[in-house]
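The values are calculated or read from the model by the stated rules, or taken from the named source; none is laboratory data. Here the structure is a predicted model, which means the values were calculated and not measured. Don't worry about glycine lacking a Cβ; one is built from the backbone with ideal geometry, like all the others, and counts go over all protein chains shown.
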Amino acid sequence: MEELYEFIGVGAGVFNLSLAALLEDKGHSNYVFLDKKSQFSWHGDMMLPKTEMQTDPIKDIVTPVEPTNRFSFLNYLQERGILYQFFNRKGHATTRKQFSEYLKWAANGIKSIQYSVDVTSINYEDNQFFVETDKGRYLRSKHLVLGCGIKLKFPACAEPKNISSYHHSAAHMKYKKKYDGRKVAIIGGGQSGAEIFYDIISNDQPESISWFSGRSHIAPLEDSCFSNEIYTPEYIAKFYTLPAEKKEKLNREFLYTSDGVTQSLSDAIYNELFENKYFLGVDTNYNVKVSSRLIEVEELNEGYKIFVKCQLTSEVSEYIVDDLIFATGYTTRYQSLLSNVSANHSELNEPEICEDYSINWRHSATNKIYVQNGAKHTHGVSDPNISLAAWRASVIANSLFGEELFKMSREALINF
C-alpha cells in the first residue's frame with residue numbers, strides 16, 4: 001500500500017531535525033522524515049572529549065526564529081533541571097557532547113521522524129515523487145526535502161578506491177587506538193585536524209606525529225562581531241543576488257569564519273608543544289607543518305609512504321607512517337539520491353538553487369525539491385553551519401505550505 005504525503009524529508013540529521021522541530025506544533029501533519037540510522041546521532045565518531053562548539057548554543061535548531069519553541073536549547077536545560085548551573089559556568093564554551101545530548105533530546109520528542117528506514121530510490125511520475133525504502137515501503141509525496149547528509153572528502157591522490165585502510169576524521173572515535181610508539185600523519189589544517197592532533201599529543205606518546213596543512217599558517221577562527229554579521233539572513237539575501245564569480249570570491253575570503261581553528265584550541269596546542277619541548281624535557285617528534293600539500297600516497301605492507309610538497313620551495317619530502325588520518329572535509333551527496341529523476345531531467349545534474357532553497361527544475365511550480373546543506377555556492381559560506389539552520393528551515397517551511405508560518409528577520413548592523 002502506498003502512503004501519500006505533502007512532503008517527505010529524506011534524512012533526519014541536524015538540518016532536517018530543525019525543520020521537523022519547527023513544524024511539530026504548527027498543525028500540519030501530512031509529512032514524514034525518514035532516516036536510515038536506528039536513532040539520532042550527530043558527529044558520533046568525532047565526539048572527542050571536551051571539544052568545544054564553534055557556534056553559540058543559543059543559535060540552536062529553533063531559537064533564532066521561534067525563541068518560545070519547546071525544542072530550544074534553554075528549554076532542554078530547564079527540563080533537565082540544570083539551567084542555573086549552565087548560567088553559573090564561567091569562561092567555558094559549550095562542548096560538542098553537551099550540544100549533541102540536546103539534539104538527541106529534541107529528536108526523541110518529535111513524532112514525525114521514522115528511524116531505521118533507508119531510502120533506496122526516488123522516482124518522479126504524474127506530478128509526484130515515488131520514494132522506495134529498504135523495507136519494501138512505497139511512499140508518494142508532492143515535495144521533497146533532502147537532508148541526507150554529506151560524504152567524506154579526500155585529496156585526489158588518496159581516494160578510498162586506491163587506498164584501503166586509512167580513515168577520515170569523521171570516523172576518528174570509531175578507529176581510535178593507542179598511538180604509543182607509532183608514526184602518525186594528519187592531513188588537513190582546520191578545526192578537525194587540530195582536534196585530533198591535540199587529542200593524540202595529550203593522551204598518547206607516538207614515536208612521531210606530523211600535522212600537515214596546505215594553509216600558510218594555522219588559521220584562527222574569525223569570530224568577531226563584524227565577522228559574524230555574514231551569518232545573518234540579510235547577508236544571505238544580498239549574497240544570493242551576486243554573480244557566480246563574486247560569490248566564489250567572497251566564499252574564499254570568508255572561509256575562516258567557519259573553517260578556522262578556535263583560539264582556545266590553538267592556544268592549548270601551542271602551550272602543550274612549548275611545555276613538552278622547553279620545560280618537561282620530553283624528547284618528542286611532534287611537528288606542525290604548514291604550506292604542505294599531500295601529492296602522493298603509497299600503501300605499504302604495513303603503513304604508508306606519503307609524499308608532501310612544500311608550497312613555498314616546491315621541495316618534496318617523503319615520510320613513512322603507520323597511521324594516516326584525513327581531516328579534509330566533506331562534500332554534498334544529495335545528487336546521488338536524485339539519479340533516477342535526473343536521468344530524464346538533465347537540469348538536476350548541475351542544479352540551480354533558488355532563494356527558498358529549492359532546486360530550479362522544470363516541475364518546480366508543482367513539485368519542489370528542497371536542499372539542506374547544499375547551497376554554499378548560491379547562499380554563502382554559512383550554508384553548512386548550524387548558526388542559520390533554524391532560519392533556513394523556516395524559509396523552507398514557509399515555501400512548502402505557502403504561508404508565513406515564521407516571520408523573516410532581515411536586520412543587520414552592516415550595509416552589505
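For segment 373-399, the tally of residues that are at pLDDT 95 or above and within 16 Å of Leu144 (Cα to Cα) stands at 8. Exactly one residue among Cys148, Cys157 is in a loop (DSSP other than H, G, I, E, B) and either of a type in the set (Asp, Glu) or at pLDDT below 95 (or both), and that residue is Cys148. Of all the residues that make up segment 217-230, how many are under 28 Å from Thr378 (Cβ atoms) and in a loop (DSSP other than H, G, I, E, B)? Number of matching residues: 7. Going through (1) under 28 Å from Gly149 (Cα atoms); (2) touching a residue at least 24 places away in the same chain (Cβ under 8 Å) one by one, Glu79 falls short only on (1). Could you tell me whether Ser409 is part of a loop (DSSP other than H, G, I, E, B) and of a type in the set (Gly, Ala, Ser)? Considered against the rule, which asks whether it is part of a loop (DSSP other than H, G, I, E, B) and of a type in the set (Gly, Ala, Ser), Ser409 comes out as yes. Note on segment 361-399: residues that are under 24 Å from the mean Cα position of the chain (by Cα) and either part of a loop (DSSP other than H, G, I, E, B) or more than 20 Å from Thr63 (Cα to Cα) (or both) total 18. Once segment 327-360 is narrowed to residues that are within 19 Å of the chain's Cα centre (by Cα) and either farther than 23 Å from Pro384 by Cβ or part of a helix (DSSP H, G or I) (or both), the residue that is modelled with the highest pLDDT is Leu337. Among the residues of segment 82-102, just one is among the β-branched types (Val, Ile, Thr) and without any contact (Cβ under 8 Å) to a residue 24 or more places away in the chain, namely Ile82.
Checked against (1) closer than 30 Å to Ile353 by Cα; (2) surrounded by 17 or more Cβ atoms within 10 Å (Cβ to Cβ), Glu245 passes all but a single condition, namely (2). Any chance segment 295-304 includes a residue that's of a type in the set (Asp, Glu), touching a helix residue (DSSP H, G or I) at 6+ places or on another chain (Cβ under 9 Å) and surrounded by fewer than 17 Cβ atoms within 10 Å (Cβ to Cβ)? Yes, the conditions are met somewhere in segment 295-304.
If you go through segment 1-52 and keep only what is at pLDDT 95 or above and of a type in the set (Val, Ile, Thr), you end up with Ile8, Val10, Val14, Val32.
Every test in (1) outside the structural domain of Ala375 (by TED's automatic domain parsing); (2) crowded, with 18+ Cβ neighbours inside 10 Å; (3) of a type in the set (Ser, Thr, Tyr) is passed by Tyr124 save one, and that test is (1).
Reported count of residues in segment 229-278, each being of a type in the set (Asp, Glu) and either on the phi > 0 side of the Ramachandran plot or under 21 Å from the mean Cα position of the chain (by Cα) (or both), is 4.
Candidates are the residues of segment 175-216 that are part of a strand (DSSP E or B) and hydroxyl-bearing (Ser, Thr, Tyr); the one that is surrounded by the most Cβ atoms within 10 Å (Cβ to Cβ) is Ser210. Residue check: Cys148 meets all listed conditions (1) buried (at least 21 other Cβ atoms within 10 Å of the Cβ); (2) farther than 24 Å from Pro384 by Cα; (3) not small (Gly, Ala, Ser) but one, namely (2). Does segment 24-40 include one or more residues that are on the phi > 0 side of the Ramachandran plot, surrounded by fewer than 21 Cβ atoms within 10 Å (Cβ to Cβ), touching a residue at least 12 places away in the same chain (Cβ under 8 Å) and within 27 Å of the chain's Cα centre (by Cα)? Checked segment 24-40: no residue is on the phi > 0 side of the Ramachandran plot, surrounded by fewer than 21 Cβ atoms within 10 Å (Cβ to Cβ), touching a residue at least 12 places away in the same chain (Cβ under 8 Å) and within 27 Å of the chain's Cα centre (by Cα).
Here is the figure for segment 355-382: residues that are on the phi < 0 side of the Ramachandran plot and in contact with a Phe, Trp or Tyr (Cβ under 9 Å, 6 or more places away or on another chain) total 17.
Can you report the number of residues in segment 352-382 which are in contact (Cβ under 8 Å) with a residue 24 or more places away in the chain, surrounded by fewer than 18 Cβ atoms within 10 Å (Cβ to Cβ) and polar (S, T, N, Q)? Residues flagged as in contact (Cβ under 8 Å) with a residue 24 or more places away in the chain, surrounded by fewer than 18 Cβ atoms within 10 Å (Cβ to Cβ) and polar (S, T, N, Q) within segment 352-382 amount to 1.
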